[in-house]
Each structure stands twice: as C-alpha cells, then as structure tokens.
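Let me begin by presenting the structure, written as structure tokens, before commenting on it.
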Amino acid sequence: MPTLSETYILNRQRVQPNHANNYEAVHGGNLMKWMDEVGAMSAMRFAGKTCVTAAVDEFSFERPIPVGETALIESYVFEAGRTSVRVFLRAFRENPRSGEREQTTSACFTFVALGEDGKPTGVPELTVEGQEEEQRRERALENWTPE
C-alpha cells in the first residue's frame, strides 16, 4: 500500500509574460492546468495506473502570482475510494531570488484510475505513516471534507 509521502510532489513553474493576464499575473487557467498536471502525477504515483480528472472541488484564488515569480505547487493524495483518488493541492508565489513564499491557491481534485481497457479500475488503500503524514492528511481533510 502506497504511503502519503510517496505521493508528495513539489513542482515549480516560472511565470512568464505568455502565462499572464491583463494584470501581469499568472492567468487563472494556466495555474489550474499546472495544478491539474501535478495532481495527476500524485494520483498516478499512488494508483500505479493512468488517472484522469473527474472533479475539482472549490478552487480558491487568494492572491496573484506576478510575472517573474515562481508558482510553487504542492500535491499529495489524502484519500482513496474504490477507483478514485482525492488529491490536495496548494500553490504558492515564490520569489526566485529570496525563496520567500506565500500561499495563493488551494484546491482538491478527484482523479479516477483507468485500466488497460480505459475503464475505471481499483486503487490501493492509502497508508498514513508518522506525524508529518498525519498532519498533511488532517490539513486536507479539514479543508476538503463535505459537512
């Protein structure tokens, strides 16, 4: 059974002028695409199979990421169903010179694992080991569990 840490991915994307909106900050669609791609990588690492996006829960844009800064995206699996995987994602704006960062966006994506036939297939159970993994899982559950 895969552990939460085995699904943890931290990825960076430099925000260039061609990624920007009229306000010289990353266009929301570009950030969503980058988060979807990183989330899929976490899901596939967990499932060991191709995974496709099935749903996106609330997507909160808290502050912009200006051109010239880095979009730092954190992703990990925090819950698994029979054929689906829930992935917690956060994006940060990071100054490439100082490393200073602040959270800009958070979301939860649900991915479905596909078998060779292109149909949904089973995924393993998620193992949560140690205090750091438990804290990450709790953070995700606090933000993305329906009431």
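The values are calculated or read from the model by the stated rules, or taken from the named source; none is laboratory data. Keep in mind the model is a prediction, meaning the values are calculated, not measured. Reconstructed Cβ throughout: ideal geometry from the backbone, glycine too, with neighbour counts over all protein chains shown. For the accessible areas, the whole protein counts, side chains as well, though only heavy atoms, and no ligand, DNA or RNA atoms are used. Shrake-Rupley method; radii C 1.70, N 1.55, O 1.52, S 1.80 Å.
Tabulated results
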item: Gyration tensor verdict on the range 64-147 (Cα atoms; rounded if a/c is under 1.5, prolate if a/b is larger than b/c, oblate otherwise); result: prolate
item: Relative contact order computed over the chain (Cα-Cα under 8 Å; 6+ residues apart), in percent; result: 28
item: Compactness of the chain - radius of gyration and Dmax, Cα, Å; result: 15.6, 48
item: Shape of the range 1-45, Cα gyration tensor, a/c cut at 1.5; result: prolate
item: Only Lys, Arg (+1) and Asp, Glu (-1) charged, at Cβ; the range 22-147 dipole about Cα centre in debye; result: 300
item: Rounded percent of accessible protein surface that carbon and sulfur make up, the chain, 1.4 Å probe; result: 44
item: Å² of accessible area per residue within the chain, as computed with a 1.4 Å probe and no ligands counted; result: 54
item: Antiparallel bridges, percent of DSSP beta bridges restricted to the chain (to nearest 5); result: 95
item: Under 5 Å, built H, 5+ apart or other chain: amide partners of T50; result: L114
item: Virtual paramagnetic centre 7 Å along Cα→Cβ of N11, amide N under 16 Å, in the range 36-64; result: 36-54
item: Note, ³J(HN,Hα) from phi for the range 86-103, Karplus 6.51, -1.76, 1.60, rounded to Hz, x at Gly and Pro; result: 9, 10, 8, 10, 9, 10, 10, 8, 10, 6, x, 8, 9, x, 4, 9, 8, 5
